[in-house]
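The block underneath contains the structure these notes are about, expressed in structure tokens.
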Amino acid sequence: MRPFELTAPATAEEALAAPGTFLAGGTTLVDLMKLDVLAPQRVLDINALPLRGIDASDGLRIGALERMSDVARHPGVYPVISRALEQSASQQLRNMATIGGNLLQRTRCGYFRDVAVPCNKRAPGSGCPAREGANRMHAVLGTSDSCVATHASDLAVALVALDARVTLASAEGTRSVALADFYRLPGDTPHVENDLRPGELVTEVVVPRLEWAARSTYVKVRDRRSYEFALCSAAVALDIRDSRVVDARVAVGGVATVPWRLPAVEEALRGAPVSEAAFLDAAALATDGAVALSENGFKLPLLRRTIVRALLEMGGSPA
Ligand code: SF4
């Protein structure tokens, strides 16, 4: 780890006035500083800022410094969010890691975390060894010639399914951005991962009210049952009346470079009977446009099956 200056601003104004790298739970930043992937000269510990609180009185507002474990067990949080959080990382990490930090976590691509090898995301223009190398965990959707890394956050997948927005603050003021628009596809600039401007801070997550999101879940498929990132995941919410799907939300993770909403699958589900056959038909659309690498072709059928499993969990037994 390189030497750096650490300060702890007492107010948001103080934090936003001074350029530097924000430190919240530290579960990503400190890791990457130890690996030399990140080497900030100035680190601002923002844990004293008043960015906490969970308000579930009308939709959901979550302060960016709320810890993952506290949000997961809050009774007003939609099941899809709780389940995404409960299946993330380990209990110790969930007790430390914040909601804002979770949304900004970096990819787990092994080449990105190894400074001895090239990586376009870490060192723009150096190359992408994952394309021809170890790519079993990598993306099949939203990829580019420059980068095929998956987005690591489970929470972001659940939030994108629920049309969540993030509030961003800077010295110039605040703005609200739909989380689905916040993340950027890698294209030719995989080092630019989101819409965050220099000096800007995530202060809050806002989830609009959705009555039927009480019927929602997050299914995560991984190599081991805890402390592991997704090979594939599905966030699903269903509005069901008289054994028919009235409305649906579907987003997937572990397979794409950003949290991946599936509007074609949602559209196919609207008006469909609650049946395994209808769910299979809708899920078949999930892999449209998917491109497999040498080691991750298994993710295409896995993605379809994961969606069907989540839908069946929410829809009950096939009609
Ligand atoms: Fe780097 Fe992306 Fe390629 Fe991984 S997939 S080596 S993060 S450019």
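Taken together, the values in this text are just the output of simple stated rules run on the coordinates, not laboratory data. Given the structure is predicted, the values throughout are model-derived calculations rather than measurements. All Cβ positions, glycine included, derive from the backbone under ideal geometry; neighbour counts span all protein chains shown.
Structure values in brief
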{"item": "Neighbour-count order for 181, 242, fewest beta carbons within 10 angstrom listed first", "result": "242, 181"}
{"item": "Region 45-144, relative contact order [Cα under 8 Å, separation at least 6], %", "result": "17"}
{"item": "Low-density loop cleavage sites - chymotrypsin sites (Phe, Trp or Tyr not before Pro) in region 227-319, where at most 14 other Cβ are within 10 Å (DSSP)", "result": "227, 298"}
{"item": "Overall dimensions of the chain as given by Cα atoms, namely Rg and Dmax in Å", "result": "19.5, 63"}
{"item": "Residues 70, 31 arranged by fewest to most Cβ contacts within 10 Å", "result": "31, 70"}
{"item": "Cα gyration tensor category, rounded, prolate or oblate, for region 174-234 with a/c compared to 1.5", "result": "oblate"}
{"item": "Qualifying trypsin sites (Lys or Arg not before Pro) for region 81-122 [loop in DSSP, other Cβ within 10 Å: at most 10]", "result": "none"}
{"item": "Alpha-carbon centroids, region 130-158 and region 167-195: separation in whole Å", "result": "18"}
{"item": "Relative contact order (%) - region 198-312, alpha-carbon pairs under 8 angstrom, separation at least six", "result": "22"}
{"item": "Cα gyration tensor category, rounded, prolate or oblate, for region 1-132 with a/c compared to 1.5", "result": "oblate"}
{"item": "Average Cα contact separation per residue, the chain, under 8 Å, 6 or more apart, as relative contact order %", "result": "17"}
{"item": "Residues with amide H under 5 Å from that of residue 22, placed H, sequence gap 5 or more", "result": "44"}
{"item": "Restricting region 196-226 to trypsin sites (Lys or Arg not before Pro) in coil, as DSSP defines it, with at most 13 other Cβ within 10 Å", "result": "209, 224, 225"}
{"item": "Spin-label model distance (nm) - residue 145 vs residue 292, 7 Å beyond Cα toward Cβ", "result": "2.4"}
{"item": "Residue among 149, 237, 264 with the largest mean-square fluctuation in a Gaussian network model of the chain, springs linking Cα atoms under 10 Å", "result": "264"}
{"item": "Rounded to whole Å, sorted largest first: equivalent-ellipsoid semi-axes of region 212-314, Cα gyration tensor", "result": "23, 15, 11"}
{"item": "Which of 68, 96 has the fewest Cβ neighbours within 10 Å, and the rest in rising order", "result": "96, 68"}
{"item": "Anisotropy class of region 1-75 from Cα gyration tensor, a/c 1.5 cut", "result": "oblate"}
